[in-house]
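Participant: The structure that follows is given in the form of structure tokens.
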Number of protein chains: 2
Amino acid sequence: MLGGSAVHFALAARFFTDVRVVGPVGDDFGDDELATLDQRGVVTDDIERVNGGETFFWRGHYEYDMNVAHTDDTQLNVFGDFDPKLSDASRGAQMLFLGNIQPDLQRKVRAVCREAEFAALDSMNLWIEEERDSLVAAIGEVDCVLLNDAEIRELTGQPNLARAARSLMEMGPRVIVAKRGEYGAALFTPDEFFAIPGYLLEDVRDPTGAGDSFAGGFLGYLDSRRSAGDSVLDHAVLRQAMAYGSVLASFNVEDFGTERVQELSRDEVDQRLRDFKRITDFEAEPAPTPKV
Amino acid sequence: MLGGSAVHFALAARFFTDVRVVGPVGDDFGDDELATLDQRGVVTDDIERVNGGETFFWRGHYEYDMNVAHTDDTQLNVFGDFDPKLSDASRGAQMLFLGNIQPDLQRKVRAVCREAEFAALDSMNLWIEEERDSLVAAIGEVDCVLLNDAEIRELTGQPNLARAARSLMEMGPRVIVAKRGEYGAALFTPDEFFAIPGYLLEDVRDPTGAGDSFAGGFLGYLDSRRSAGDSVLDHAVLRQAMAYGSVLASFNVEDFGTERVQELSRDEVDQRLRDFKRITDFEAEPAPTPKV
């Protein structure tokens, strides 16, 4: 299936802002795959085709409740000796997402994007376990980290998520997003926190890529607010970005690969945001008068 | 520690309504334990002291993230041959909670409480695995079931929670509450669903009893609305009950046994409800104008 961190991210973020994808692909990533992105307004100029190479490959399986993924096979392939060469347009990006790949590669890209006002990264247990020092250095160079809650616990050695997020903030970032699979996501900033449940679905076909679709909705929406002159650190803006991230992730899991998100309209996205509000809303004022 | 389903439940529900506890205790449940309930307005007339008996006992351990409990030891003790004898006042209850115990005992109590307009039950994997037929019969006789999400999946053989809840509704109840530990809870009715994340805490000392405190907040609040003439099946009422249940569960886990909830005031409960609203709220209207 068409997939990969940057592809899932781009197809979600395009509803909100202009997206440029940077990364290497092999011969197996053909013109049809490129067209899927091009036709939806994603700029693919910095996708580098490596002749004779094979695209990064991940295979895993999910537990019974589809909430926990186990990696069976990771092949870096063309990422193995990739040296990112960014166009001037990509170097000038004001918002940057470093998808899940070797942390040293993330650092190289971060270093050349000097205009980025807000940079975020995703990672995974493989890098926590095998390249911890590089990952910690990469985390120190971004404003925002998106990780699964179990990975935040693993990285910080702290079983309590709120404390683990605080430890992660001490490494540098001001915004921590804990992804919790079907249970939703939580947001931590120095002063506040926020939690949102997952959108409940009767048909979940494939959770692969949901975290990247979340990141695309989250950062894409933040960038639209940044362009409009708002602060991406405003808590109300971040909260709505969390909701849009959840909405895009919920569409992602409805079908395999990028099948659902690539056919999606912005109207459907906004309608689900309203549905999501309806199924999570409650009155905070006590009624009737408290018993004495 | 003082604990047990009915005790956790009663100490949470007392903030909203009058609570009567029914159940057997052993010699190890002394005057101090009774006084803890009495002094907080919980009616203990139907707590039956069994001379020479020992109170129901549960011991377990929690996984690293304190989200999954494993049972090490369950001793029914005085529940082994308990034959519930309810006072007229208890038989006349209009709202009934059947705490987690053998389903046949739950059915006996359900049968004598003929005035109950709304009855709910909790259960656990032990009864799903060892007394499934009795449990299914008990579920068919109540209006509401509260279970962990993994138990709902186990009972119905359905990995998707929304579908599993629908299967459970086909057994009789109109209201299904899926408890999700630190991740919060979800509510299913024939027409709607609702999800709420857990209240994020930096200090979680003991999750034991959190589900019963949730049930106490949820059903206690529903009963206060019932007394005020509202329908307990109104979705806005149910949603606020879910929020109160979550609030009481969040206080429960802050200390061992009933230490925190027994010292709690209604003001603290209502203040946390407002905090909870603040940390889960987001704007549903898109801003700025969608990119075309």
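The values are calculated or read from the model by the stated rules, or taken from the named source; none is laboratory data. No experiment lies behind these values; they were computed from the predicted model shown. As a convention, Cβ positions derive from the backbone with ideal geometry for all residues, glycine included, and neighbour counts pool all protein chains shown. For accessibility, only protein heavy atoms count, side chains too; no ligands or nucleic acids. Shrake-Rupley method; radii C 1.70, N 1.55, O 1.52, S 1.80 Å.
Participant: Take the Cα of B:His235, step 7 Å along the line toward its Cβ, and report every residue of segment B:163-181 whose backbone nitrogen sits under 20 Å from that point.
Facilitator: Taking a point 7 Å out along Cα→Cβ of B:His235, the residues of segment B:163-181 whose backbone N falls under 20 Å are B:163-170, B:173-179.
Participant: Compute a Gaussian network model of chain A, connecting alpha carbons closer than 10 Å, and tell me which residue from A:Glu268, A:Glu54, A:Glu182 fluctuates the most.
Facilitator: In the Gaussian network model the winner is A:Glu268.
Participant: If you don't mind, another one. Relative to the other copies, what are the label-point distances for A:Arg114, with labels 7 Å from Cα along the C-beta vector, expressed in nm at one decimal and sorted shortest first?
Facilitator: 8.6
Participant: In Å, what Kirkwood hydrodynamic radius results for segment B:214-262 from the alpha-carbon pair distances?
Facilitator: Result for segment B:214-262 stands at 11.1 Å.
Participant: Then there is this: So for the pair B:Glu259, A:Glu131, with labels modelled 7 Å out along Cα→Cβ, what separation do we get in nm?
Facilitator: 4.5 nm
Participant: Using the structure shown, list the pairs from B:Lys85/B:Lys179; A:Lys277/B:Lys277; A:Lys277/B:Lys179; A:Lys179/B:Lys179 with a Cα-Cα distance above 22 Å, or answer none.
Facilitator: Pairs exceeding 22 Å: B:Lys85/B:Lys179.
Participant: Right, another one. Tally Lys and Arg at +1 and Asp and Glu at -1 over the other residues with C-beta under 12 Å from the C-beta of B:Arg274: what net charge comes out?
Facilitator: Within the 12 Å Cβ shell, the charges total -4.
Participant: Identify, for chain B, the residue whose C-beta comes nearest the rotation axis onto chain A, and round that distance to whole Å.
Facilitator: B:Tyr183, 2
Participant: Stokes-Einstein D for segment A:156-262 at 20 °C, 1.002 mPa s, Kirkwood Rh over Cα pairs, in µm²/s?
Facilitator: Roughly 149 µm²/s, to the nearest whole number.
Participant: Please compute, over every Cα-Cα pair in the protein assembly as shown, the percentage with a separation greater than 31 angstrom.
Facilitator: 51 percent
Participant: Run the label-point distances for B:Asp230 please: 7 Å along Cα to Cβ, every other copy, nanometres, shortest first.
Facilitator: Copy-to-copy label distances at B:Asp230, shortest first: 3.1 nm.
Participant: Counting only Cα, what are the radius of gyration and maximum Cα-Cα distance Dmax of segment B:28-74, in Å?
Facilitator: Radius of gyration, then largest Cα-Cα span, for segment B:28-74: 15.1, 40 Å.
Participant: List, shortest first and in nm to one decimal, how far the label point of A:Gly140 (7 Å from Cα along Cα→Cβ) is from its counterparts in the other copies.
Facilitator: Result for A:Gly140, in nm, nearest copy first: 6.6.
Participant: Over the Cα atoms of segment A:11-93, what is the Rg over Rh ratio if Rh follows Kirkwood?
Facilitator: Rg/Rh for segment A:11-93 comes to 1.04.
Participant: Here is a further query. Please compute the average number of Cβ atoms from other chains found within 10 Å of each residue's Cβ in peptide A:66-74.
Facilitator: Taking all residues of A:66-74 together, the mean is 1.
Participant: If Rh is defined by the Kirkwood formula over all Cα pairs and Rg also comes from Cα, what ratio Rg/Rh do you get for segment B:70-224?
Facilitator: 0.95
Participant: Starting from the Cα of B:Asp267, step 7 Å toward the Cβ, then list every residue of segment B:10-39 with an amide N under 17 Å from that point.
Facilitator: Under 17 Å, as judged by backbone N against the label point of B:Asp267, lie B:15 of segment B:10-39.
Participant: So, in Å, what gap is there between the alpha-carbon centers of segment B:75-112 and segment A:143-178?
Facilitator: 45 Å
Participant: How long are the semi-axes of the equivalent ellipsoid of chain A, defined as square roots of 5 times the Cα gyration tensor eigenvalues? Whole Å, largest first.
Facilitator: For chain A, the ellipsoid semi-axes come out as 30, 22, 20 Å.
Participant: Can you list which of the DSSP-assigned H helices in chain B have a Cα extent of 20 Å or more along the long axis and an average Kyte-Doolittle score of at least -0.5?
Facilitator: Result, helices passing both filters: B:210-227, B:235-252.
Participant: Using protein heavy atoms only (no ligands, DNA or RNA), what is the total accessible area buried between B and A, 1.4 Å probe, nearest 100 Å²?
Facilitator: In total, this chain pair buries about 5500 Å².
Participant: Okay, which of segment B:239-271 sit inside 20 Å, backbone N to the point 7 Å along the Cα-Cβ direction of A:Arg278?
Facilitator: Residues passing the 20 Å test: B:239-243.
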